[in-house]
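Structure first, then comments.
The values are calculated or read from the model by the stated rules, or taken from the named source; none is laboratory data. What you are looking at is a predicted structure, and each value in this text was computed from that prediction instead of being measured. Counting neighbours? That spans all protein chains shown, and the Cβs are built from the backbone with ideal geometry, glycine included. The protein model used for the area step is the full one, side chains on, heavy atoms only, and it has no ligands, DNA or RNA in it. Shrake-Rupley method; radii C 1.70, N 1.55, O 1.52, S 1.80 Å.
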Amino acid sequence: MKDNFKKLKRKLLLEAIGLIVMSVILGAIFLHLFVDGVLESWFAEGFVTWLQNWMGLDYYAARQIYLKIFVYNKPMILGGAFLLLLGGALYVMGMRLTRYYQEMAQAVHKLLDESDEPIVMSDGLEFMATELNEVKRVLKHRERVARESEQRKNDLVMYLAHDIKTPLTSIIGYLSLLEESQELPSTFRQKYTGICLDKSYRLETLINEFFEITRFNIHEVVLEKETFNLTFMMEQLVDEFYPLLLEKNLKINLMYEEEVEFYGDVDKLVRVFNNLLKNAVAYSYPQSIIELHIFKTVAEVTLTFKNQGKTIPKHKLETIFEKFYRLDTSRTSQTGGSGLGLAIAKEIVVAHKGTIEVESSEARTIFTIKLPYSK
């Protein structure tokens with residue numbers, strides 16, 4: 001953009017210089033003709049003849065009037081003619097600049113309206129039209145993404161509100177039954193108590209998701225960095241998933257060549273890795289293996305989370321890191337959370353100046369995180 005503006009500035013400057021030079025040349029020609037007497041004699045004869053014909057003056061009287069008006073004031077007249085030419089050149093340049101400003105104002109107006117009509121500008125300003133069209137496209141894309149995100153959030157809140165009512169109704173029903181039936185056998189009492197406990201856990205999960213939505217909207221990621229053993233942290237995290245792995249008969253293979261010391265926010269990175277492992281467990285085929293690799297280079301550390309499961313469609317891969325997006329759109333799914341996990345994970349990784357990417361094909365999904373070493 002700066003280079004294009006420099007080119008436009010250079011073009012306008014050259015045009016201004018050209019008009020000024022042309023004015024000087026025309027003025028010099030005009031002056032030369034007057035000095036040599038060619039133009040002066042022609043003009044003098046014409047002016048004297050006009051005075052004789054229209055005012056009834058004799059030749060000598062008309063000649064004296066000509067001398068007093070034009071000859072004695074020749075320098076002033078020539079200077080005025082030159083200034084007139086110069087003023088005309090400046091006027092042309094002013095009109096050119098005014099046209100540019102008007103085009104820019106109209107382009108900005110089109111940028112702010114909601115029409116899909118492209119911005120078109122004249123020669124010399126094509127680069128600006130291209131930039132403004134790109135800005136308009138980006139603004140419309142962001143508006144659409146924000147609108148879709150807001151709609152997903154509203155739908156999610158509605159779903160969560162509905163889902164909260166379901167376990168709460170069950171808890172109230174079973175507790176009322178336990179209170180009213182004092183002689184209820186212990187087996188039934190134990191069964192109903194267990195149901196109430198399970199529903200309470202589900203209710204707690206849903207309430208936490210409400211808080212998750214609120215926290216994501218009002219807080220920014222603030223890092224509290226420290227040096228820690230990344231490989232040891234991942235080993236602990238894998239061990240914590242052992243009960244969940246048993247339910248689907250899964251296995252996690254953690255592979256690394258050497259231990260990695262990293263400087264970052266431990267709690268927030270644990271949240272990232274925990275979320276990716278939880279997704280891998282939730283969407284993996286039963287009796288499959290989840291592969292977790294840690295690669296260390298001079299500049300960065302790379303972690304890959306690979307699981308075998310249903311291939312994620314390409315159009316979903318493009319939006320998977322957007323907030324309130326859920327891969328499993330079923331609101332009754334036990335694995336369907338608030339849709340903030342991957343969005344928050346990306347925020348945390350980006351805050352560490354890293355990147356997170358996903359690819360999925362042939363029933364295999366791989367999340368790749370790259371974190372640079374920095375202090």
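Rounded to the nearest Hz, the phi-derived 3J(HN,Hα) couplings of segment 296-313 under the Karplus curve 6.51 cos²θ - 1.76 cosθ + 1.60 (θ = phi - 60°) are 10, 10, 5, 9, 7, 10, 10, 10, 10, 10, 10, 9, 9, x, 4, 5, 7, x, where x marks glycine and proline. When MET95, MET234 are compared by accessible area of protein heavy atoms, the largest-first order is MET95, MET234, using a 1.4 Å probe.
When peptides 173-180, 138-145 are ranked by their average number of other Cβ atoms within 10 Å per residue, the highest-first order is 173-180, 138-145.
Extension gain, LEU168-SER186: 0.36 nm per intervening residue step, less the Cα-Cα distance, totals 4.2 nm. An oblate overall shape is assigned to segment 245-299, the ratio a/c of its alpha-carbon gyration tensor axes (a ≥ b ≥ c) being 1.5 or greater and a/b not exceeding b/c.
Protection proxy ranking, highest mean first, for peptides 193-203, 298-308: 298-308, 193-203, where packing is the per-residue count of other beta-carbon atoms within 10 Å, averaged. Could you pull out which residues in segment 222-239 have an amide N less than 12 Å from a spot 7 Å beyond the Cα of GLU261, following the Cα-Cβ vector? The answer is 227-230, whose backbone nitrogens lie closer than 12 Å to the label point. Remark: the SER176-SER122 segment gains 11.7 nm on full extension, using 0.36 nm per residue and subtracting the alpha carbon distance.
Compute the label zone of ASN229 within segment 264-304: residues whose backbone N is under 15 Å from the point 7 Å along Cα-to-Cβ. Under 15 Å, as judged by backbone N against the label point of ASN229, lies no residue of segment 264-304. With 0.36 nm allotted per residue and the present C-alpha distance subtracted, the SER374-GLN287 stretch has 27.4 nm of extension available.
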